[in-house]
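The numbers here are math on the coordinates, done by the rules we state, and not lab data. Fair warning: this is a prediction, and the values are worked out from it, not measured in the lab. Virtual Cβ from ideal backbone geometry, glycine too; neighbours counted across all protein chains shown.
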Amino acid sequence: MDKLIEQFSLGLFFWQSLLFIGLVLLLKKFAWKPILDAVNEREEGIQNALDSAEEAKKEMQSLNADNERILKEARAERDSLLKDAREVKDKLISDAKEDAQEQAKTIIENAKAAIEVEKKAAISELKTQVAGLSIEIAEKVVKSELASKDDQLALVDKILGDVTLK
Amino acid sequence: MQRFLRHDYYYHMRREFLIQKITFILLLVSFVSFAQHHDADHGAAAVETSSETSLKEEIKEFIGHHLLDSYDFSLFSYEDEHGKDVHVGAPLPVILWDSETGLNVFSSSNFHHGETPAESKGNFYKVYHSKIYKTDAAGTIHLDDHHHATNEKPLDFSITKNVAVIFLVSLLMFFIFSRMAKSYKTSALPTGFGRLLEPIILYIRDDIAIPNIGKKKYKKYMSYLLTVFFFVWIINLLGLTPLGVNVTNNIAVTLALSLMTYFITTFSGNKDYWKHIFWMPGVPTPMKIILAPIELLGTIIKPFSLMIRLYANITAGHIVLMSIIGLMFIFKNWIGSPLSFGLAFALSLLELLVAALQAYIFTMLSALYFGSAVEEHDHH
Amino acid sequence: MTGLNFVGAGLIVIGAGLGIGRIGGSAMDAIARQPEASGKIQTAMLIAAALIEGIGFAALFAA
């Protein structure tokens, strides 16, 4: 300890204090402050860039989500549209079928009715023709067989008897 | 460890030792102006005593000399073929304040490396054990029983070798860091040497200042912490070069540094800090009375230990390293000398680590003390 | 320095050495257990070692 005190040099202490305080002040003004400020600024810049990148990423994600949603909606809409269209088509087809069937039915019925009428007409015509033919035949037969007056009268009587019997 | 007069013993081993040093110095130092001094009047008596001195004492004396400050920037010295001492280095200004004559300024070359008294304003001054004493024209030094000089000592503000080195390092630091600061104006990234220094600056900020002081208040202390770290580191590293400077093994330098830490701590201490010293909360009253002087003493011991730690680590490193280098010349055989060379090499690497470690510890503990002074306790 | 002073200095060095050795050893254990906290452990270790060293040097100079 004695040696340390003996070795102590006031001049060196004085100069060291003076130069060191001067150095701290000078470096503070000309070196540390600009350096630390520049470094801080740079770090803040980097932080800001990172933050904005993060934000952009988030925005991108939300945009993507939006897109996805819109796409989904569009797809659903398309599906429902297609479904509707199919239903309409089916309905149209079934309606058309029913119509056609009904029409066909009426046509057939009409046809049937017409056929019936024709048939009746034909039958009645046939009847008249057959009656006329029969009368003709009968006339001829009668002409030939009933040349005498007596025979004619006998036959008339006979026929009349039949008719009344009926 | 004993100290010896610095100017008296020179002979061939010293010369070999120093010639090895010269090659290193020539490589490393080209900026110091070389001034050669031939000392004609080298006494024959000194030569006779030198032959009686053992090599061990010689080395011991050299180490003792190395650890001391000197009044001129001596790089090395040797004995030429005519038996004259040749000193290579530059003289530095001596600044004395004498109570009678006031300010005295003269060149240290007037001392002739401590051999003759220098005259200024009618008074004579002589260097004895690396201190300047007032003497007569013959340079008589009066010694008391304990071999301490009793001559009057003028106030000594000389630009010694250490002061010159401190000044040069300050200039160097200012040059490097202001250039680095300028480089930020043109680009956001550091250029050149700044690329190496910026991580260190950021390390001090992020791993020393912020964790210890706190994010809110660290900015105020950054200038001091950065300056002290780089100053101590560079000075310690310079001490490992063959320049032969060793600033941080002067107690005056470490005292100045630790006093600054002490003053900053004391003046930035808030209410909580003083309350924890004088009236420790959370302990019974009798304990508070016992704790107060202990805590108060603690505030002084903290910077004291800072001072001693830096001083002792560097001094011990220099003594051990130089002793092992000295061993090379004691062994003088082909086993011992390479062995001590290897050991010295390994120790030099260790000292490189210690140089940075001590700067780190000094900065770290300073930050810790500042942190304790500004800490806000959110209790009770 | 007298003989007793050297003995005292030796004791101080032994004490400080043991103390710092223990700190280093414990720090190694801690790092082995929690390698991710090695930075913090190293800092704490250095501070503790520096404090012991400071006291050791102070005592050494007093001796």
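Of note:
- The ranking of B:R309, B:R195, B:R205 by Cβ neighbour count inside 10 Å, starting from the fewest, reads B:R195, B:R205, B:R309.
- Computed over the range B:162-374: relative contact order in percent, which uses C-alpha pairs under 8 Å that are six or more apart: 30
- Label-zone membership for the range A:37-55, site A:S62, 7 angstrom Cα→C-beta point, backbone N under 15 Å: A:52-55
- All aspartates and glutamates inside 20 Å of B:K217 as judged from Cα atoms, apart from same-chain residues fewer than 8 positions distant: A:D37, A:E41, A:E43, A:E44, B:D206, B:D207, B:D272, B:E375, B:E376, B:D378
- Straight-distance crosslink candidates among lysines, where the alpha carbon sits under 24 Å from B:K215 and sequence neighbours closer than 8 are dropped: A:K28, A:K29, A:K33, B:K271, B:K275, B:K302, C:K40
- With distances taken between every two different alpha-carbon atoms, the range B:93-158 has a Kirkwood hydrodynamic radius of 11.8 Å.
- Stokes-Einstein D (µm²/s) once Rh is taken as the Kirkwood radius of the range A:36-162 over alpha-carbon pairs, at 37 °C in 0.692 mPa s: 129
- A protection proxy built from the mean count of other Cβ atoms within 10 Å ranks the segments A:51-64, B:260-273, B:86-99, B:225-238, most packed first, as B:225-238, B:86-99, B:260-273, A:51-64.
- Candidate lysines for bridging to A:K127, where Cα separation is under 25 Å - those fewer than 8 sequence places away on the same chain excluded: A:K112, A:K119, A:K140, A:K143, A:K158, A:K166
- Computed from the C-beta positions of A:D37 and A:R86, the FRET efficiency with R₀ = 60 Å rounds to 0.25.
- Centre-to-centre, using Cα atoms only, the range B:320-351 and the range B:249-295 are separated by 44 Å.
- Shape summary: the range B:162-374 maps onto an equivalent ellipsoid whose semi-axes, from the alpha-carbon gyration tensor, are 36, 26, 14 Å in decreasing order.
- Per-residue average of Cβ from other chains inside 10 Å of B:152-163: 3
- Normalised radius of gyration (Cα atoms, divided by 2.2 N^0.38 Å) for the range C:10-62: 1.26.
- Sparse-neighbourhood loop sites, trypsin sites (Lys or Arg not before Pro) in the range C:16-63 - DSSP loop, at most 13 other Cβ within 10 angstrom: none
- Summarised in one figure, the compactness ratio Rg/Rh of the protein assembly as shown, Cα atoms and Kirkwood Rh, is 1.74.
- Average beta carbon contacts from partner chains per residue of B:175-187, 10 Å cutoff: 4
- Distance (nanometres) between label positions extended 7 Å along Cα→Cβ at B:H147 and B:I335: 3.6
- Estimated at 0.36 nm per residue, the fully extended path between B:L189 and B:K275 surpasses their Cα-Cα distance by 26.5 nm.
- Here the spin labels are modelled as points 7 Å beyond Cα on the Cα-Cβ line, and at A:Q47 and B:L202 they lie 1.4 nm apart.
- Positive-end residue, chain A charge dipole about Cα centroid, Cβ charges, pick of A:Q16, A:A131, A:S52: A:Q16
- Spacing of the two label points (7 Å from each Cα toward its C-beta) at A:V117 and B:L168, in nm: 14.1
- The range B:201-247 versus the range B:96-166: alpha-carbon centroid distance in Å: 35
- FRET efficiency for A:K28 and A:E54, using Cβ-Cβ distance with R0 set to 35 Å, rounded to 0.05: 0.45
- Packing-based ranking, highest mean first, of B:327-335, B:55-63 given that Cβ atoms within 10 Å are counted: B:55-63, B:327-335
- Per residue of B:220-228, other chain Cβ atoms within 10 Å of the residue Cβ number 5 on average.
- Förster radius 60 Å - calculated FRET efficiency between C:F6 and B:I289 (Cβ-Cβ, nearest 0.05): 0.95
- Degrees separating the helix A:149-165 axis from the principal Cα axis of chain A, which is the longest one: 40
- Electrostatic dipole magnitude of the range B:162-374 [Cβ: Lys, Arg +1; Asp, Glu -1; Cα centre; debye, to 20]: 660
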